[in-house]
Structures are given as C-alpha cells and as structure tokens.
Amino acid sequence: ARAAYGVMGLVYACTCVLAYGAYGSEVAGFLPNSMPPGHAKRLVGLLLALHTAVAYMVAAQPLHRSIHASLLAEPGGGARAALCWLCVSSGVLLLSIVLATAVPFFSDLQSLLGSLAGAPMMFGFPALFYLRACRAHGLALSWFDAAACHFL
C-alpha cells in the first residue's frame, strides 16, 4: 500500500508539472478541458468514464447493501431480493445523477466538501482509529507512534 501511494503521488506530480509546463497558468481546473480536441482527448474521456463507473460501483456497494438489508426483512436470494436490489441501486444512481446535474453550484460544493473532509479522512481518522484500537486492546504505543498520531 505504501508503494501504491508513492506511485500515485509521483504520477499526479508528473501530470501537474507536465500540464503546467504545456499550458502555464491557462491550464483548466479539470485537466482534460485543457487538451485539444482529438483522439487523445476522447481516450481520456473514455478512461475517465470507466474510472468513474468502477469507483461508483466500489464505493456504492456498501450503501446499497445497507439500504437493501433495511428494506428486505428476510435474508436470502430470489426474485424479490434481486428486484429490491435493482430498485435500490438504480434509485441511488438516479438520485446521484439528479443531484449532480440539478444543483448549479455542485462543482463548488463538491470542492468545498472535498477540501473539508479529505484531510481528516486521509490523515486524521486513521490515526485516531489506530490510537483507539491500541487503547481498546491494551497495547502500548511507542513514543514515535504516539507523537505521529497526535501530530496528525
């Protein structure tokens, strides 16, 4: 996992440096908008659509399962459960699309939520959960771990 974060950081840094080098201060906030029309831009759009679809499926499955479990009293499969799952997952997807397109300032709202919640989710909550897990299991922390967790 540590190597993956390093590789992602390196790729993002290289992408930013190359985009700024190519377009300077005229680079668009959504990087593909800076690309000239053509096959490369279409390929980037296709890859972004695929990425969005996969990320939605991975992130939405726990939400769908929770809603599905609360609506369907008896566990198990069958046509009724499958129909309920279809309705839940389609409804959540439809609601997501409606919210994303109906709210005129959705991009600004998304940026605000990301900037407010991104750092705590990436840095603060894992450190807090580690401290709480160590305390719950009676494990002693090294001074370095305690300092690093409290710093985050």
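Details
- Filter pass, D145 being open to solvent by 80 Å² or more (accessible area, probe 1.4 Å) and assigned to a helix (DSSP H, G or I): no
- All positions within segment 77-105 that are in contact with a helix residue (DSSP H, G or I) (Cβ under 9 Å, 6 or more places away or on another chain) and open to solvent by 70 Å² or more (accessible area, probe 1.4 Å): W85, C87, L93, L99
- Number of positions in segment 16-31 that are surrounded by 11 or more Cβ atoms within 10 Å (Cβ to Cβ) and under 19 Å from the mean Cα position of the chain (by Cα): 1
- Where a residue in segment 131-152 is under 23 Å from G118 (Cβ atoms) and its partner, wherever it lies, is of a type outside the set (A, V, I, L, M, F, W, C) and open to solvent by less than 60 Å² (accessible area, probe 1.4 Å), with Cβ under 7 Å and at least six apart: L152/G124
- Close pairs (6 angstrom Cβ cut-off, 6 or more residues apart or separate chains): more than 19 Å from K41 (Cβ to Cβ) and outside any helix (DSSP H, G or I) in segment 4-27, among the basic types (K, R) and open to solvent by 80 Å² or more (accessible area, probe 1.4 Å) anywhere: none
The values are calculated or read from the model by the stated rules, or taken from the named source; none is laboratory data. Note that this is a predicted model, so its numbers are computed, not measured. Ideal geometry is used to build each Cβ from the backbone, glycine not excepted, and the neighbour counts take in all protein chains shown. Accessible surface areas use protein heavy atoms only, side chains included; no ligands, DNA or RNA. Shrake-Rupley method; radii C 1.70, N 1.55, O 1.52, S 1.80 Å.
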